[in-house]
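Engineer: Got a structure here, written out as structure tokens. Questions coming.
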Amino acid sequence: MTDPVLKITGLTVEIPTRRGVVRPVRDVSWDIRPGEIVGVVGESGAGKSMTGNAVIGLLDRPAHISAGEIDLDGRRIDDLPEREKARIRGRRIAMIFQDPLTSLNPLFTVGQQLVETIRAHLDVSAGEARERAVALLDRVGIPDPGTRVDQYPHQFSGGMRQRVVIALALCAEPEVVVADEPTTALDVSIQAQILDLIRELARERGMGVMLVTHDMGVIAETTDRVNVMYDGEIVESGPTARVLGAPEHPYTQSLVAAVPRPDRKLRRFPQVSYGGRETAFRIEDLARDWPARPAGDGPFLEARGLTKRFLEKGSLIPSRRRWFTAVDDASFAIRPGEVFGLVGESGSGKSTIARMIAGLYPLDEGEVRFEGEVVAGAGATEAARDAYRSQVQMIFQDPFSSLNPRHRVDRIVAEPALHLGVIPKANVTARVGELLDRVGLGAEAGLKYPHEFSGGQRQRISIARALATQPRFLICDEPTSALDVSIQAQILNILKDLQEHLGLTMLFISHDLPVVRQMCDRVGVLKDGRLVEVAETARLFEAPEHPYTRELISLMPKTDLLSNAGLAAE
Amino acid sequence: MLSYILRRILQSVIVLLVVGLVAFSMFRFVGDPIEQLLGQERTQADVDRLREALGLNEPFVVQYLGFLGRAIQGDFGISYRQARPVAEILLERAPATLELALVSGIIAVVLGIALGVFTAIRREGFAANAIMTVSLIGVSLPTFLIGVLLIWFFGIGIEIPVPWGDGTISTKLFPTFGRGEVVDLGWWTTGLLTESGRASLVLPAITLGLYQMTLIMRLVRSEMLEVLRQDYIRFARARGLKARVVNFRHALKNTLVPVITIIGLQLGAIIAFAIITETVFQWPGVGLLFINAVQFVDIPVMAAYLMLVSVMFVVINLIVDLLYVTVDPRLRIDGGTA
């Protein structure tokens, strides 16, 4: 067995604050051997990224290493002076960031950024550096690198940008690469390509890779060994197959169980129970005062020939304008009480459809019918539209930007209900308190502001806001994409309860196929604005008809490795 | 690209026409120029004759169109007060204002950006905090007060006792009145070539530039702090680039994108603010000319001055928009996403 290229022993990171010293990373030890990919997995706040930053010497002040040591190739590096640390950075340890859209400087061409990095580390001429840059772009799989080297980052797609970021990290042939959530911002097909590339490069160049992620699927597919972090400490580590297949620590067990499975449908999501994170959601109380409104026969909501075009290039002369068709002739029907899923990659038109159905975008063509009445499109009357508006509510993806930071939570929750006049003014405070209590936040949450809550709590606020008008139809646009897996399980269970106990019908939009499998009764698959397949969920996953659906399903990270303990099938 | 420039120029022309109309219509409320031109001893016949001669009895629209038509040919009429062509008077006065504006503009931009970057990079340092505190004075004191304080300190001067030489040093260092000696180059008069001309420029330039400098500095600082938080800066550091390269190549260029707009607007403001500074220092520029014209209801001079200022604003903004496109590749229309 070869010696480790990177070895961390008893690493502790301290942040002095006004309320005393916080230690976000405590006594962490692990190592990476050349050519090996070691995963660090955990939820947000577990200290994974902090560990990565400590390795590359980029801890933001006042955070600092207070104990332990980091050795690179047998030589201690954490106590080197800043000048020597800077020489290791990029040259011997490189880093890949999460979001390729923000990690490249928009004002310089890709070539300029590569050349400057190469010349910062290697003693070569500008011409040689450029040749090397082109070769690197070629190696990371960018077609026509000779031309693309002179283009700006905005001219590349997300996946291509992440390849450029990887090329930048490889400039000086580093021995260790710290990859911090390298595929979290990417579509599933791009994610598979990038992970393949990282695996290939690690083997080919004998690089050690530290892969930081919250995604168990990525860990299962890519890493050789894994360290599970919880609240600043490593709770379990070992070969990936062993840790995921037979987890020993209760936290790892519940984390593995909470991963949404693509291969079978469960009645409920197993929740991460470790550390007492679960908060009650009192569905029975909600159901008690929920007005019973039996749905009629026939489809609940029908979309016919939905089409939306956006102006791509404006011009005074109408014939010279260029349009981009975001949604092209999409038709589907949602049955009363079901959860209808829409899946597709970014840019496929999922969110555009959600907004058209919610009435946020006008339709260019087609119509939306709600229980037979036209509510959007050419034949919609103002009265029908108003009646529809009080029946439909939306839950958005990002709980950080979908709540007004300057409003108190009680006002946020009350706003739609007050606007539509569903709650009498005198009862508002009582009703809002009750709702907040029932979604598990407690009535006193109304007096606080959104920034005082975590992501999962904010999404509960969004749910309370949506429920305040007692709607019958919920549009959920990627409701859990920004959340940790344990919080995701809680929120998805809440949504399931709403469907089951309150009889809500849902349009559920997601790029995450395993989540869709767990949540939806029927699913529509979108590609480039066209609906290519609509089927019952089980059939879609087990016998997909359209080649694109088959491709998407084949690209899902495999979870065969994961332990099945504690999963109750439906 | 060409169509973009043409469209911008067309918009600029419309802006100029509107500004001209507003300015011209406002003058009707300033007062009656005839009152100022003729003394106490006047007859109704004199008044009528002068009104007829100056075209003041025509309808407003006719007056405005006439003004525009002549202005296009470079004829801004005859000053009521000085009885000389307005264009000639303006040309004579313009170098003084432009030199003043240029020098204070350069001070404001160069020092503003340099101090802004410094205070952003050394955010926690004592010097940066001291500069930030002092800069509050620059932002909050009105221009005329700064001018008067500078005149008191450097013009009138105070005696500071020191234990050597004559026993005191005077702070009376710079002249505070007029332009000093100027050199006439035929089409341009400049104070930059003589000792007294340069000395005379110091206090007015500081007075005029101080506010703009502190504004630019504070703007650069906050933009830079924002940019330094971006992922691409972290990534640049993680790639092992030197702090100097990261700060001055990657961060500064991104900082300047939004700052350029404000700088453009502020350069226009420098010319507009020059009215106050020129009055305080009796600087013989167009601003002082305008103030005097207002007192005597010299409509041709006022109209020409306002048109001149708006032309400058519009041209500066046009340049800023074009600069913007050169700096930020994302705004280039032909740079489509591949």
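The values are calculated or read from the model by the stated rules, or taken from the named source; none is laboratory data. Note that the structure is a prediction, hence the values are computed from the model and not measured. In this analysis, Cβ positions are derived from the backbone assuming ideal geometry, glycine residues included, and neighbour counts consider all displayed protein chains.
Engineer: Given the structure, is A:V38 surrounded by 18 or more Cβ atoms within 10 Å (Cβ to Cβ), assigned to a strand (DSSP E or B), at pLDDT 90 or above and more than 9 Å from chain B (Cβ to nearest Cβ)?
Structural biologist: yes
Engineer: Still on this model: Within the stretch A:167-182, take every residue that is outside any loop (DSSP other than H, G, I, E, B) and not small (G, A, S) and give me the one that is nearest to the other protein chains (Cβ to nearest Cβ).
Structural biologist: A:L168
Engineer: Same structure again: Kindly provide the set of residues from the stretch A:81-111 that are of a type in the set (V, I, T) and in contact (Cβ under 8 Å) with a residue 60 or more places away in the chain, ordered by number.
Structural biologist: A:I93, A:I96
Engineer: Out of all the residues in the stretch B:103-126, is one or more of a type outside the set (G, A, S) and more than 30 Å from B:V139 (Cα to Cα)?
Structural biologist: Checked the stretch B:103-126: no residue is of a type outside the set (G, A, S) and more than 30 Å from B:V139 (Cα to Cα).
Engineer: Which members of the stretch B:281-328 meet the condition of being within 14 Å of chain A (Cβ to nearest Cβ) and among the hydrophobic types (A, V, I, L, M, F, W, C)? Spell out the reasoning first.
Structural biologist: Of the residues in the stretch B:281-328, the ones within 14 Å of chain A (Cβ to nearest Cβ) are B:323-328.
Within the stretch B:281-328, B:L323, B:V325, B:V327 meet the criteria.
Engineer: Considering only the stretch A:464-570, give the strands (runs of 3 or more DSSP E) lying wholly within it that have at least 3 residues that are touching a strand residue (DSSP E or B) at 6+ places or on another chain (Cβ under 6 Å) and not hydrophobic (A, V, I, L, M, F, W, C).
Structural biologist: Numbers: elements: A:473-477, A:505-510, A:522-527, A:530-536.
Per the criteria, A:530-536.
Engineer: Somewhere in the stretch A:161-168, is a residue out of contact with any strand residue (DSSP E or B) (no Cβ under 7 Å at 6 or more places or on another chain) and within 24 Å of A:K558 (Cα to Cα)?
Structural biologist: Step one: list which residues in the stretch A:161-168 are out of contact with any strand residue (DSSP E or B) (no Cβ under 7 Å at 6 or more places or on another chain), which gives A:161-164, A:167-168.
From the residues that got through so far, the ones that are within 24 Å of A:K558 (Cα to Cα) too are A:162-163.
Scanning the stretch A:161-168 turns up at least one residue that is out of contact with any strand residue (DSSP E or B) (no Cβ under 7 Å at 6 or more places or on another chain) and within 24 Å of A:K558 (Cα to Cα).
Engineer: Exactly one condition in (1) within 28 Å of B:I146 (Cβ to Cβ); (2) within 14 Å of chain A (Cβ to nearest Cβ); (3) buried (at least 21 other Cβ atoms within 10 Å of the Cβ) is false for B:L241; which is it?
Structural biologist: (1)
Engineer: Being surrounded by 12 or more Cβ atoms within 10 Å (Cβ to Cβ) and closer than 30 Å to A:V432 by Cα narrows it down to one of A:F340, A:F310, so name that one.
Structural biologist: That would be A:F340, the only listed residue that is surrounded by 12 or more Cβ atoms within 10 Å (Cβ to Cβ) and closer than 30 Å to A:V432 by Cα.
Engineer: Only one of A:V176, A:V124 is outside the structural domain of A:D484 (by TED's automatic domain parsing), surrounded by fewer than 18 Cβ atoms within 10 Å (Cβ to Cβ) and more than 22 Å from the chain's Cα centre (by Cα). Can you tell me which?
Structural biologist: That would be A:V124, the only listed residue that is outside the structural domain of A:D484 (by TED's automatic domain parsing), surrounded by fewer than 18 Cβ atoms within 10 Å (Cβ to Cβ) and more than 22 Å from the chain's Cα centre (by Cα).
Engineer: Under 9 Å between Cβ atoms, which residue pairs at least 6 apart in sequence (or on different chains) link something in the stretch A:488-513 that is not assigned by TED's automatic domain parsing to the domain that holds A:A464 with a partner that is crowded, with 23+ Cβ neighbours inside 10 Å and of a type in the set (D, E)?
Structural biologist: Taking only residues 6 or more apart or on different chains, not a single pair turns up.
Engineer: Out of (1) in a loop (DSSP other than H, G, I, E, B); (2) over 26 Å from B:P95 (Cβ atoms), what's the single condition that is false for B:L173?
Structural biologist: (2)
Engineer: Counting only residues that are of a type outside the set (S, T, N, Q) and away from chain B (no Cβ under 12 Å), which one in the stretch A:116-126 is nearest to A:R92 (Cα to Cα)?
Structural biologist: Top of the filtered list is A:D123.
Engineer: To continue, here is another question. Residue by residue through the stretch A:127-152, note down the ones that are touching a residue at least 24 places away in the same chain (Cβ under 8 Å), within 14 Å of chain B (Cβ to nearest Cβ) and either in a loop (DSSP other than H, G, I, E, B) or surrounded by fewer than 14 Cβ atoms within 10 Å (Cβ to Cβ) (or both).
Structural biologist: Of everything in the stretch A:127-152, those that are touching a residue at least 24 places away in the same chain (Cβ under 8 Å), within 14 Å of chain B (Cβ to nearest Cβ) and either in a loop (DSSP other than H, G, I, E, B) or surrounded by fewer than 14 Cβ atoms within 10 Å (Cβ to Cβ) (or both) turn out to be A:I142, A:V149, A:D150, A:Q151, A:Y152.
Engineer: Which condition does A:L168 not pass, out of (1) of a type outside the set (S, T, N, Q); (2) modelled with pLDDT of 90 or more; (3) more than 20 Å from A:R92 (Cβ to Cβ); (4) under 28 Å from the mean Cα position of the chain (by Cα), if it passes all the others?
Structural biologist: Unmet for A:L168, out of (1) of a type outside the set (S, T, N, Q); (2) modelled with pLDDT of 90 or more; (3) more than 20 Å from A:R92 (Cβ to Cβ); (4) under 28 Å from the mean Cα position of the chain (by Cα): (3).
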